[in-house]
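These notes are about the structure you will find just below.
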Amino acid sequence: MAAKAGDNPDSLMTLATVFCLRNLRKTMCYQGLRNKLCLRPDIFLPSEICDKLVNTYIELVHTDSNFEPEESFFQLFADPRSTRLTRVQFRDDYVRDRDLEAVRKQDLIELHLTNCSRLSSRSLKTLTCFRETLVSVYTEDEEEDCPASRQSLETDFNFQGFNRLRLLNLGSLPGEVDVETLVKPLKSLTSIDLSNVQLLGTAFLTQWKDRLASLVLYNVDLSEDLVSTVVEIINLRHLDISRESRRSSKCKMTSKILTSIVQRLVNLVSLDISGHIMLDNCTVPHFEEAMGRPRCPCKSSIYPFQELKRPLQFLGLYDTTLSNVTHIPAYKVTGSTNEDQVLNAIEAYTEFRPELAHRAINQLFDIARIQHCGQLLRALQLVIAALKCHKYDKSIQVTGSAALYYLTNTEYRSDQSVRLRREVIQVVLNGMEQYQEVTVQRNCCLTLCNFSIPEELEFQYSRVNQLLLKILEQARQDESIQRIAVHLCNALVCQVDNHHKEAVGKMGFVKTMLNLIQKKLQDRMCDQVMEFSWSALWNITDETPDNCQMFLNCRGMSLFLECLQEFPDKQELHRNMLGLLGNVAEVKALRPQLLTPQFITVFSNLLDSKADGIEVSYNACGVLSHIMFDGPEVWLMEEPQRDRVMEKMWEAIQSWDVSSRRNINYRSFEPILRLLPQSISPVSQHWATWALYNLVSVYPNKYCPLLIKEGGMSLLEKVLELESSQPGTRDMASKVMVQCENFKEDPMETNNGQEVNYGQRG
């Protein structure tokens, strides 16, 4: 069988690393004095393992809300005699000065500091500890407010002594910093990134004109001086002079500038000019393309690129007028003309340019919604990566969650692996956790609706329930989000084990649903939220006495009566409420609370209901059957009389069509079976026998095996033996036994093509 998209397993190294980080005290650490985490003395970890541990730890803290950070984690790597760190990527505000100081004795080769807003000027002093070994330094802050460490660069820090440094990223450096003075000591640079930096002059770049292979000047104002300087750096292989958007461009790109770049920088393999306005038309007319150009080394619909000796590996044309031409001489192109260009843009810009990635993801959203996504696996992986990388970027979260909704719908579902779909669920829950904003919440809830519930969400069962309940507990709620969230809550407690229901009940599920019902009653509105809320209560109280008790404690019966009075014609509402009360009535300790004149009268009157076929009448009779089973001695009221209620129950049961199709789903017959071998209440016995006869007749494939498995056959034999059993009850009991015997002999019973309606459990 062919593997599905995203089905490649994690490497053993990755699995072992994550396991160790989640179980530090059971693997490589012990609890020292004052609860300090200490590395075991018999452990030595090489750089390959240490780098993986630290960077995976940072990733888990950033993306996994269930992962608990360790206060002294980085202290584990303080001693280079037992641990060796070489490449570290710190990010976000949970990294502090002391964390960088903890590893100051390590011979770091590569250091990334991204959005580390809690680092102060102390960390600049720590940075000098690595000056003899650092080869690559990356610092960038996407936030507008730069931390003290970056503001202090001019006065408290210089790169003197960083002789091995080859790669330097100073993106978004504060305007008051003199870049030229700061980088002057660096004689061996081969790559420099000055994105979003205000350059007072450009001549200083020529000090590396024979060495520099990569130059990034994203959002740096283009000028004649800058262009003339850049083309002198003849060994450049990667040049990025792109902008965030055409609207922000002061200096316009011309055919002359592009031609100069192509002709002078002959080693170029990667060029990005995204976001530039072309001042003149440099595209080849269609008639000229048709004729062809003699001795043109590179087929190109853009005049300046015809000078290329070979196609570029990468060409950034995002938000330009050049991305829609016929022939583009590059193997990978960013743009917005087609799906491939859009995916290339997301891939190229996600990590360092979320503002561009956001726009590209928005275009992917349109492709998935209106057209068809041809590279599903790649698209999903890129969106997931963007959502993980920019957990705190609202625009990315809005567009990413919207794209996920369309990329996980029915059209694409069959091509996706379990592992890939679980990744989607995790980033969706991250978004729900981080943002209370309406659009993100709606997108995330809608995306969850694309999954099989509860099966596909069970690995995050507690977390998803907590998030949904948090949405529903908010004072002011968007109607659409409320409706979707209640639907999801209902689906999550349907067809799950009792321990799941009990756990969710303790989270406040019952009270939250009753609060929603109360609000709808105040508004005198019976909508989907009202019906779903009762349905969810029906499901969560199934065979869970604690949840039934919560329902009664939270004024559930009062709300039941108010809903009956306010909405007398809402059939599905009545069915859901009576199904729930059937669950309550199954709990012997709670039945006395139902045994009041008011409630018994209501249940007795509902025996005559024709709402939703037989369902309301059936469920009302079920409630009364359990109450009658407790015997006449508990019936302390004068009205209504027990005998009269039993008469109405007999009449109701005899009026039902035994071949009725049902909107119900039993996972166990135990509550029904306990009513069979008894003589206290023949009508209760009759109701239970009728229920079994109906279910095994209409849905034999599902219910014959269940009845046999739970010992129902021997209990039915006792019904036949009891003198108190009514003739009609005995007759039905015999028919149930015959039906099950026939099923055992012919298990291929097809039930005339009928299928079970997997509704709620009564």
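The values are calculated or read from the model by the stated rules, or taken from the named source; none is laboratory data. The model shown is predicted, which means the values in this text are computed figures rather than measured ones. Positions of Cβ are backbone-derived with ideal geometry, glycine not excepted, and every protein chain shown enters the neighbour counts. Side chains included, ligands, DNA and RNA excluded: accessible areas come from the protein's heavy atoms. Shrake-Rupley method; radii C 1.70, N 1.55, O 1.52, S 1.80 Å.
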Can you tell me, using C-alpha contacts under 8 Å and at least 6 residues apart, the relative contact order of region 595-747 as a whole percent?
22
Taking the dipole about the Cα centre of the chain, with the C-beta of Lys and Arg at +1 and of Asp and Glu at -1, give me whichever of P80, W538, H499 is farthest to the positive side.
P80
Can you list residues whose amide H is under 5 Å from T83's amide H, if they're 5+ apart or on another chain and H is modeled 1.01 Å from N?
L45
Rg to Rh ratio, region 532-682, alpha-carbon atoms and Kirkwood radius?
0.92
Expected output is a single nm value to one decimal: the length gained when fully extending between A16 and Q313, i.e. 0.36 nm times separation in residues minus the C-alpha distance. What is it?
103.3 nm
If the chain between D478 and D643 were fully stretched, how many nm would it gain, using 0.36 nm times the residue separation less the Cα-Cα distance?
54.4 nm
In percent, what relative contact order does the chain have, based on Cα pairs under 8 Å that are 6 or more apart in sequence?
5
Space enclosed by the convex hull of the alpha-carbon atoms of region 398-494, per residue, Å³:
87
What percent antiparallel are the DSSP beta bridges of the chain, to the nearest 5?
10
Degrees between helix 642-655 axis and first principal axis of the chain (Cα, 0 to 90, nearest 10):
70
Mean projected area (nm²) from the convex hull of Cα positions in region 595-747 is 8.6
Using a Cα-Cα cut-off of under 18 Å, which lysines could be cross-linked to K26, ignoring same-chain neighbours fewer than 8 residues away?
K36
Counting heavy atoms of the protein chains only and a 1.4 Å probe, report the per residue accessible area for region 300-437 as a whole number of Å².
38
In nm, the gap between the two label points placed 7 Å beyond Cα toward Cβ at D523 and R104 is 5.9
Hey, got the dipole for region 595-747? About the Cα centre, +1 on K and R Cβ, -1 on D and E Cβ, debye to the nearest 20?
440
Gain on full stretching of the segment that runs from H327 to Q31 - 0.36 nm per residue minus C-alpha separation
100.2 nm
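Round to a whole number: what % of the accessible area of the chain belongs to carbon and sulfur, probe 1.4 Å?
Carbon-and-sulfur percentage of accessible area, whole number: 48.
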Note to self: with every protein chain in place and a 1.4 Å probe, region 595-747 gives an accessible area per residue in Å² of 41
Ranked by how many other beta carbons lie within 10 Å on average, peptides 167-174, 268-275 from highest:
268-275, 167-174
Quick query: amide H of L312 versus all other amide H atoms, modeled in the peptide plane; which residues come in under 5 Å with a sequence gap of 5 or more or a different chain?
A330, Y331
Relative to the longest principal Cα axis of the chain, at what angle does helix 571-585 sit, 0 to 90 degrees, rounded to 10?
70
Cα-Cα longer than 28 Å, checked against K256/K332; K256/K394; K125/K187, kept in input order, equals K256/K394
Using a Cα-Cα cut-off of under 24 Å, which lysines could be cross-linked to K718, ignoring same-chain neighbours fewer than 8 residues away?
K588, K702, K709, K735, K744
Could you work out [θ]222 nm for the chain from helices alone, using -39500 (n - 2.57) per DSSP H run of at least four and dividing by all its residues? Round to the nearest 500 deg cm²/dmol.
-14500 deg cm²/dmol
For K501, list the aspartates and glutamates whose Cα falls under 16 Å from its own Cα; do not include residues on the same chain fewer than 8 positions away.
E455, E458, D542, E543, D546
Long-range amide H contacts for L168: which residues qualify at under 5 Å (H placed 1.01 Å from N, peptide plane, sequence gap of 5 or more or a different chain)?
V137, S191, I192, D193
What is the helix-to-structure angle for 597-606, meaning the angle in degrees between its Cα long axis and the longest Cα principal axis of the chain, kept from 0 to 90 and rounded to the nearest 10?
80
Can you compute the FRET efficiency between E456 and C38 using 1/(1 + (r/R0)^6), with r the Cβ-Cβ distance and R0 = 35 Å? Round to the nearest 0.05.
0.30
